Amino acid sequence: MKRFIPIALAALAFSALAADAGLPKLAKKATYKIGFAQTETNNPWRLALTASMQGEAKKRGWKLVYTNGNGSAAKQVSDVDSLIAQKVDAIFLSPREEKPLAPAVLKAKKAGIPVFVIDRNVDQSIAKAGRDYVTFIGSDFILEGQRAADWLIKATKGTAKIIELEGSLGSSPANDRKTGFDERIKGTPGLEIVASQTGNFTRDEGRQVMEALLQAHPDVTAVYAHNDEMALGAITALEAAGKVPGKDVIIVSIDGEKDALQAIIDGKLGATVECNPRFGPKAMTAMVDYANGKKIAIKLTNDDRFFDISNAKASLASSY
Ligand code: GYE
């Protein structure tokens, strides 16, 4: 008897550990209550993502609990806490920044709620796909940066003074879009980034930052913006400074929103790499597959298109 107790305790401890190491299970149900933790709603891309998630949940007859981080990682961490407290079946997390939201994933896991990280990723050294959350669904941001660079190298014939408008600091798209672009232009010595600063993925900050950088670098000939909204802000700043966007200064960005396609048609924006925000169907199908016991890849990468003058008009009507 004396001997039995420690063995039983050890077995108990072991099973608790084993349960902790695995991903939380998801029961098969006729309907679900899911949580969607959005980062902010400051641009058309974000609104299209929310609409896609809400639309797909509605189509399936599921309840979706929506939270809005309002541009604050701290607020989004408490949003995840609240989704855990509301005992949702699964959480779809669009993490504003890589590091601060990673512990939130671990908390949900501990509470037995499977997490699907969508749109942006979390820091893999803290929370790992396939171990701490089911999968990451989104675009390849490094590839997006590379594609923007490839276009710019051609459009400028390999010679340009570039201003880079970065996305929100600490977010995976800002980190990776910078990495991909930088890697690619390294091989073209005529391309020089004269300034690189965040415009926080918004049109107005993109405009303000561009205004300030134009004062210091009036000889700029190209802009690489990490999203369309900042590119559109830069266009306004360039015009206010008496420059002709698309001629004096060549601009490339990422997303593929409606206003950007219109700017391409108008000759002001050169090109935009698509980053598809319509996650709803893919994300919820992955969740159902997971509930059905199917093996889910740890990364589900979106295939993105590319928009320039050759296809902007044809793509306008279906854009967001
Ligand atoms: O490019 C931007 C948005 O996380 C991929 O965030 C997304 C980016 C997108 O605010 O417009």
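Structure values in brief
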read-out: Number of the condition not met by ASP255 [criteria: (1) more than 19 Å from PHE181 (Cα to Cα); (2) open to solvent by less than 40 Å² (accessible area, probe 1.4 Å)]; value: (1)
read-out: Failed criterion for ASN70 (all others in (1) crowded, with 18+ Cβ neighbours inside 10 Å; (2) under 17 Å from the mean Cα position of the chain (by Cα) hold); value: (1)
read-out: Qualifying position, being open to solvent by 50 Å² or more (accessible area, probe 1.4 Å), outside the structural domain of GLN124 (by TED's automatic domain parsing) and within 29 Å of ASN121 (Cβ to Cβ), among GLY233, GLY187, GLY199; value: GLY187
read-out: Exclusive hit being assigned to a strand (DSSP E or B) and crowded, with 16+ Cβ neighbours inside 10 Å, set ILE113, ILE142, ILE163, ILE153; value: ILE163
read-out: Residues that are polar (S, T, N, Q) and open to solvent by 20 Å² or more (accessible area, probe 1.4 Å), drawn from region 267-320; value: ASN276, THR285, ASN292, THR301, ASN302, SER310, ASN311, SER318
read-out: First in region 63-81 and in contact (Cβ under 8 Å) with a residue 12 or more places away in the chain and within 26 Å of THR31 (Cβ to Cβ), second anywhere and of a type in the set (Ser, Thr, Tyr) and open to solvent by 30 Å² or more (accessible area, probe 1.4 Å), Cβ under 8 Å, 6 or more apart; value: LYS63/THR31; THR67/SER82; ASN68/THR41
read-out: ASP123 being closer than 30 Å to TYR32 by Cα, buried (at least 18 other Cβ atoms within 10 Å of the Cβ), within 25 Å of the chain's Cα centre (by Cα) and within 16 Å of the ligand (Cβ to nearest atom); value: yes
read-out: Residue ID - farthest from LEU93 (Cα to Cα), chosen from residues in region 49-61 that are of a type in the set (A, V, I, L, M, F, W, C) and crowded, with 19+ Cβ neighbours inside 10 Å; value: ALA57
read-out: Long-range neighbours under 9 Å by Cβ, at least six apart or interchain, first residue among the basic types (Lys, Arg) within region 225-247, second open to solvent by less than 10 Å² (accessible area, probe 1.4 Å) and in a loop (DSSP other than H, G, I, E, B); value: LYS243/VAL220
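Yes/no matrix, rows are residues, columns are (1) under 21 Å from LEU213 (Cβ atoms); (2) away from the ligand (no atom under 16 Å from the Cβ):
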site: LYS243; (1), (2): yes, yes
site: ASP248; (1), (2): yes, yes
site: ILE254; (1), (2): yes, no
site: GLY270; (1), (2): yes, yes
site: ARG278; (1), (2): no, no
site: PRO281; (1), (2): no, yes
site: ALA286; (1), (2): no, yes
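The values are calculated or read from the model by the stated rules, or taken from the named source; none is laboratory data. Predicted model, so just to flag it, every value in this text is computed and none were measured. Counting neighbours? That spans all protein chains shown, and the Cβs are built from the backbone with ideal geometry, glycine included. Ligands, DNA and RNA are stripped out before the accessible areas are found, and what is left, the full protein with its side chains, is counted by its heavy atoms. Shrake-Rupley method; radii C 1.70, N 1.55, O 1.52, S 1.80 Å.
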